[in-house]
Amino acid sequence: MTRRAGSVVAIALGVLAWWTAASLRVAGKPLVATPWDTVCALPRALPTLLADLSATTGRALLGLALGAVAGIAIGLTAALAARVAPVVEGLLDFARSIPPVVMLPVFLLAFGYNDIARTATIAAGCAWIMALSVTTAATAPPSARREMLDLVGATKLQALAWTQPWESLPVLAVGLRGSASTAVIVAVVTEMIAGSERGIGSRIISAQIASDTTMLTLSVLGVGAVGFAANVALRRLESWARGLG
């Protein structure tokens, strides 16, 4: 009961803070719409809002999938190379430190102003995060389970097959969660910068140009809801992976 009451109070304070922010004016215009105005505008805007959210989510998921595959391949290669050239891990950190949107102009030159360039940018942002997770899992010290298998005479291949895939799952799940957050952020940013016919980023820019505070607020809440849902799903995946590991 105490936890439920605390949650209700937290939500109430959040709504109050939202209402307070809505009372602020810059050049006579509100920065955000009030909760009431937002709720009233939702039925009218819902069909197009869902279409834009679906477009952004689709790009993010495709980029995440491509980035995860590329990241696993890069990570495994880097883990093997790091045994003879430790500088590889530093190069991996260097590549991961480059903001994904910096690569957008490169992909726009290569593919043009289309979804291929946007998706490639998303994949580039996710790949290095997954590669670092794979490298971390592959270079982790031997576990107690691995040492026990060595003691009972298991071959290196048997010990690797019986331990490494399962023990690596939690680390990979964390990397996937970080990559998913990056995918959503980069998808929205690429839509805002490069423009697209559909997408929540384009919707936000259009609302800003039209000074439509209500639509801007709805768009921000919508992309927040997508990110929240992805985070909840991947947290459950992470818990499941920890149970197997």
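The length gained on full extension between ALA210 and ALA27, counted as 0.36 nm times the residue separation minus their Cα-Cα distance, comes to 64.4 nm. With a 1.4 Å probe rolled over the protein heavy atoms of all chains, the accessible area of TRP128, TRP19, TRP36 falls in the order TRP36, TRP19, TRP128, largest first. The fraction of all Cα pairs in the chain landing in successive 5 Å bins from 0 to the largest distance is 1, 6, 10, 13, 13, 13, 12, 10, 8, 6, 4, 2, 1, 0, 0, 0, given as whole percents.
How much accessible area per residue does the chain have, in Å², with a 1.4 Å probe? Don't jump to the answer; show the numbers that get you there.
On the way: 14240 Å² over 245 residues.
Solvent-accessible surface per residue comes out at 58 Å².
A Gaussian network model of the chain, with springs between Cα atoms under 10 Å, assigns the largest mean-square fluctuation among ALA127, ALA55, ALA41 to ALA41.
With a 1.4 Å probe and every protein chain kept in, tell me what percent of the accessible surface of the chain is carbon plus sulfur. Numbers along the way, then the final one.
Details: 10180 of 14240 Å².
Exposed carbon and sulfur together represent 71 percent of the surface.
Rank GLU191, GLU197 by accessible area, highest first, at a 1.4 Å probe radius?
Working: GLU191 0, GLU197 180 Å².
Result of the area sort, largest leading: GLU197, GLU191.
Placing a pseudo-label 7 Å from each Cα along the Cα-to-Cβ vector at ARG83 and ALA5 gives an inter-label distance of 6.0 nm.
Translational diffusion coefficient of the range 1-117 (Stokes-Einstein, Kirkwood radius from Cα pairs, 10 °C, 1.306 mPa s): 81 µm²/s. Close amide H contacts of ALA33 (hydrogens built in the peptide plane, cut-off under 5 Å, sequence separation of 5 or more or a different chain): THR217. Could you list log10 I(q)/I(0) for the range 174-238 at q = 0.25 Å⁻¹, which the Debye formula gives when each Cα is one point scatterer? Rounded to two decimals, the profile gives -1.01. Heavy-atom accessible area for TRP18, with the other protein chains in place and a 1.4 Å probe, reaches approximately 70 Å². The listed peptides 105-117, 173-185, ordered by packing as a protection proxy, come out as 173-185, 105-117 (highest mean of other Cβ atoms within 10 Å first).
3J(HN,Hα) along the range 50-66: 5, 5, 5, 5, 5, 5, 5, 5, x, 5, 5, 5, 5, x, 5, 4, 5 Hz, from the Karplus curve 6.51 cos²θ - 1.76 cosθ + 1.60 with θ = phi - 60°, whole Hz, x for Gly and Pro.
Working with all protein chains in place, sort LEU169, LEU76 by solvent-accessible area computed with a 1.4 Å probe, largest first. Intermediate values should be presented prior to the final figure.
On the way: LEU169 45, LEU76 95 Å².
From most exposed to least exposed: LEU76, LEU169.
The values are calculated or read from the model by the stated rules, or taken from the named source; none is laboratory data. Predicted model, so just to flag it, every value in this text is computed and none were measured. Cβ: placed from backbone, ideal geometry, glycine included. Neighbour counts: every protein chain shown. Remember, those area values only see protein heavy atoms, side chains included, never the ligands or the DNA or RNA. Shrake-Rupley method; radii C 1.70, N 1.55, O 1.52, S 1.80 Å.
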